[in-house]
Each structure stands twice: as C-alpha cells, then as structure tokens.
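Only one structure is covered here, and it is reproduced in the block below.
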Amino acid sequence: MNHLPRNMTLKAFDPHRADFACKHEADANPPFTAEADALFQQGMAATSYDLVFERRDYAKAAELWKQAAGMGHWKAALNLAGLHESGLGVPQDSEQAVLLIEGLMKQGVPAAFDKMGTYHQRGIGVTSDTSRAYAFWQLAADMGSSAAQAHLGYKLQGTYDNPDQGFWGNREVALKMLECSFAQGNGDAAYTLALTITGEDASLGEDNARALRVYHEGVKLGCKDCARDLSVEFDRPVPLTGNMIDTARSDRYRLLREALELNPDLRFPNLDKVLPLPPAALPIWDRKRQTLIDAARVRSALTSRAGSRVSRSDPRASGSTSPAAGRKISIPPMLGSTEARTRWHGSLFQSQVLSSEGSSASPSVGVTALALAIQLALSSVYCLLPSAEE
C-alpha cells in the first residue's frame, strides 16, 4: 500500500517559503485526441447547467467520460472521479475515485495532486490528514495547478500567522501564486488577488486601479463574486472606483452575477463590448438580461480550454471588512484547520471558452454556429451605439 501515489512521500508544507516559481498546468498536462475530446464534450453537454437538474443525464456522462478516460483524456477521468465521489450517475465509490486520481498522478497531471490534497483534507478514500493535504496542495501549486495556486495564495495572504485558524502571513509568495493562477484564467484567483491589492498602501502591493481591472477580468472568467463586488462598489462612492457612482454599470454587473449564480460555466470574453470599464461610455441596451448575457458570452465548440467547475467552501465573509461590499480583506477568513474544500461533483470541467481558444460541443452545432454568427454581428452594432444611460 505504501507504494501507492496516495501514500507518496511529501515535502512538508512551508507557509514561510522564500519564493515561488510560476508554472502553468497546460505545459504539464498530457495531450488527448479529438475523438476522446468529442466524447468528453458530449458528457459535458449531458450535464450542462443550461439544463434543469432533472434533465441532466449523469449516467450518460459517466459512460462517455469512462470511454474518454480509457482513451487518455485526463479531464474526463477527473470528472468521472467527481461522479464517483458524489454518486451521481454511478454508485458512490470513494476508492474508485481515488484510483482514478492516482492514475492521473502517474501521468503528472497537476490537478490530480490538487485533488488528492482535497481527498486528504476531507477524508475521501483516505485517512483525513490536513498536514498531508497542504503538502499535496503545495506540490500541485509548484507543478502548475491553478486551483492549488489560488487556494494557497488565499491562505498565505495574511498580515500575520494564525495556523490554528488556517492562514499565514507570506504576502509576497501569496501574490506570486495568485498572479500565476490568475494568468491561467482562474476566477477564484482573480477575486482573491483583487481583494488583496485593493487599497492605497503601495508597500503592501495595493493598487486600486489594478484591483478594479482584475475584478473586471475576473467577471470574464466567470467569477460571480467579482461581479457581485463591482455591482456593489459602482453603486456608492469608494476609492476602488474613483469615488464615482455609476448605477448603470452596477445594474449590468448585478445581472451578470445573477446569471453566474444560475450557470457557473458561463464565460464573458466579450464583456468589454457591453460593459467596458470607465471612462469608456456604456453602449445602449434594451435592459433585458439575456441580451446582455448573449452579447458578452461566446458559446463554445469542441476544443475547449480546461477550467474546473470549482466551488470552494472558503467563504470570503469575514476579516476586517465585508468582501460583499468589495472591500479589502487584510487577513484571510478565520477557517479552522479542518475546513472543507468542496467542489461541485468533485471537479467537473467547464465547457465554455475563456477567450477565443475554442469551445464545447453543442447538441446542434450547426444551429448554434448560425445563432452565434448572428449574435456577434448584432452585438458589434449594439456596442457601437452611444450610451443612453449616461
């Protein structure tokens, strides 16, 4: 048993490490064939957030992802492990989930090491051990896992140490991890980074102007908390927004946040066309939420960029000021060492693109492509009109 990846020897977690070298997981992940990816995307379509829960076919997705995983598709294997965790579409079987993750660890997939850390933290298929969980997350972050980088960046961005509450003061390394994760398109990292650099103390790396841009970029990446905070901040005079009140922008961010609550897989690469940051004028809008969403998003085809459906249970609801109001948290929330890092169905990968890199399968690709072409044409005209809300 000791030779299994779950029991591997690990370097102890060092919250006071002197440096961090940024690596991207895309450089480490093994390639997969178009045929395997087509099966993966069909599974994504079967469990799409666009479907009501009762219509999502997890059994079908499990079968498709099993086939894709057998062909070397690491994202499919990760998703299949998530289904075995939850018991959706397959019998709940934590040992099978661990075995799938161990197979990915042998292939050097950074996300698998991050996942094994979560298993050790939560006691899924292994003995609960928070020390090993952090050691796995540290290894995953060093390998390039954007999720692990975002999580540890969050835990290290305190102004002092309180290990009993699960945070440490290593701001320099925290910022490097958050920047690295953000550069990989991680919305959680965008949110924590923006919170951390909000303010006017340059010695702490604070910069309101950049924080505002990071929040905005986070919305593009599907960060509902970023959208929520910007909605609040543009509705009152605060330094982050240059003390300006802009209810029109606030309304648009609010609607995007509501959309992301319903569908966390949404991405808004065209956000700047419908909701640019000031001083750019807002384009005219018919005040229908779907019009705004359709103009900001891009539906995907078969070659999507990987990104995880992650819902970490770290609530950003404590600290010196309320993150719901978009203010900086000087220390991470007070979370015990047994804090759970939960994920929706384990770790399911989103099917929307973050930019123009590719996209996911649609049940009716031809119709979707035609609708997308019309949508983009209309949104281009829509965005050239002067603002009627200013």
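Every read-out reported here was derived from the displayed coordinates using simple, explicitly stated rules and does not represent laboratory data. Since we're looking at a predicted model, the values are computed, not measured. Please note: Cβ atoms are built from the backbone with ideal geometry, for glycine as well, and neighbour counts cover all protein chains shown.
Taken over segment 1-108, the convex hull of the Cα atoms encloses 146 Å³ per residue. When the P(r) is computed for segment 164-264, the part past 15 Å accounts for 62% of the Cα-Cα pairs.
Sorting 267-277, 112-122, 214-224 by their mean Cβ neighbour count within 10 Å, with the most densely packed peptide first, gives 112-122, 214-224, 267-277. GluC sites (Glu not before Pro), restricted to segment 111-203: which are DSSP loop and have at most 11 other Cβ atoms within 10 Å? Loop-located and lightly packed - 200. Using a simple spin-label model with pseudo-atoms 7 Å out from Cα toward Cβ, residue 248 and residue 202 lie 3.4 nm apart.
Computing Rg and the Kirkwood Rh from the Cα coordinates of segment 63-136 gives a ratio, Rg/Rh, of 0.97. In this rough spin-label picture, where each label sits 7 Å from Cα along the Cβ direction, the residue 95-residue 261 distance is 4.2 nm.
Taking 7 Å steps out from each Cα toward its Cβ at residue 160 and residue 55 produces label points 5.4 nm apart.
In vacuo Debye scattering of segment 45-197, one point per C-alpha: log10 I(q)/I(0) at q = 0.14, 0.17 Å⁻¹? Debye curve over Cα of segment 45-197, log10 I(q)/I(0) at q = 0.14, 0.17 Å⁻¹: -0.77, -1.02. Using the Karplus relation 6.51 cos²θ - 1.76 cosθ + 1.60 with θ = phi - 60°, the per-residue 3J(HN,Hα) values for segment 103-118 come to x, 6, 4, 5, 8, x, 6, x, 4, 5, 5, 4, 5, 5, x, 5 Hz, with x marking Gly and Pro.
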